[in-house]
Amino acid sequence: MPHHSDQYLRDLPKFANLLPAILCKSNKVFSKELDLPNARYWVEHISLDSANIMAFNQLTDWRQNDIVHPGFLHTLGFPLQLKLMLHKDFPFSMMGVVHIANKIEQYQPVHPDSRIDVSCQLGEIKQLKMGCLFAIETEFFVEQQRVLYAKHQYLRRGATLTKAKVRAPQESNWLCSEEDQSWPLTTNLGWQYAKCSHDFNPIHLHPLSAKLLGFKQHIIHGMWMKSRAFSALCNAHRINLSQGLSCDVEFKNPLFLPNSVLFQQRTIASKGLTEFRISSSINQQIIEHMTGRLALLDSLADV
């Protein structure tokens, strides 16, 4: 990637204003010779909306109201991700883009009265047999101190639209535990999260809009799953959020709504991390929807 060109925006882009461009953007055939966006978008001095924070906390069972959930910070960066993907030099349309992984590193907690600076830029793009894998990186600052880094990995499938296919179940080495939690998910959960996150992708909102895009039913957002899992881990382990931590996940099979899922976690003491997953049962077979790992950054440095 070339040197990034910093572009400062007055406000975060609004989804409604971006929607016409989202619907009209065409797809290019990717090649290494393409010019790629070198823009790094910035929005500074963002005041956090307390009502939106409370709604997000309720949806994700976040109980530490004096600390901003890392997943809520993602909602500030998401409009900039959309703007970046709408850049004239960005090679892909929104259709067929699948969010497959996310990693965050939080260096210090953020409080609701903080004013946030956020930046967003394109990371690496790799060409694969099934399409192109690309990354978008966002960073968050408070008083010029970087408080959180996030890397989102997306797959742009080649030639065809996204299809919601369930992967074949694999042998699981997860055992039942007293810490397992069952979560009922309502049919309007995607709409409720969209209002908090500004991610109004039609595949999350209603069965009819999801079917138009190749899904048999609407699915919940991957970042809701991650945020809800992070809350569950903090509620269970009383994690000291003043310490730096890393949390990365892979999104597996789509999670259709309404549904009931199982959240599981296990601590790997020798590696200094906690593994977790969200799964459901279909025809007596276990389907994984998300797997992840949470660790303190100091522990990772020692590995």
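Screening the candidates 59, 80, 76, 48 for the property of being under 17 Å from residue 199 (Cα atoms), in contact with a Ser or Thr (Cβ under 9 Å, 6 or more places away or on another chain) and either without any contact (Cβ under 8 Å) to a residue 60 or more places away in the chain or open to solvent by 20 Å² or more (accessible area, probe 1.4 Å) (or both) yields one hit, 59. Apart from one condition, residue 274 fits all of (1) under 26 Å from residue 178 (Cα atoms); (2) touching a Leu at 6+ places or on another chain (Cβ under 7 Å); (3) not in a strand (DSSP E or B); the exception is (3). When segment 1-16 is filtered for residues that are farther than 10 Å from residue 38 by Cβ and modelled with pLDDT under 90, the ones remaining, listed by number, are 15, 16. Exactly one residue among 87, 111, 99 is open to solvent by 20 Å² or more (accessible area, probe 1.4 Å), of a type outside the set (S, T, N, Q) and touching a Gly at 6+ places or on another chain (Cβ under 9 Å), and that residue is 99.
In the set 263, 251, 200, which member is aromatic (Phe, Trp, Tyr) and buried (at least 21 other Cβ atoms within 10 Å of the Cβ)?
251
The values are calculated or read from the model by the stated rules, or taken from the named source; none is laboratory data. Computed from a predicted model, the values in this text were never measured in an experiment. With ideal geometry, Cβ positions are generated from the backbone for all residues, glycine too; neighbour counts draw on all protein chains shown. The protein model used for the area step is the full one, side chains on, heavy atoms only, and it has no ligands, DNA or RNA in it. Shrake-Rupley method; radii C 1.70, N 1.55, O 1.52, S 1.80 Å.
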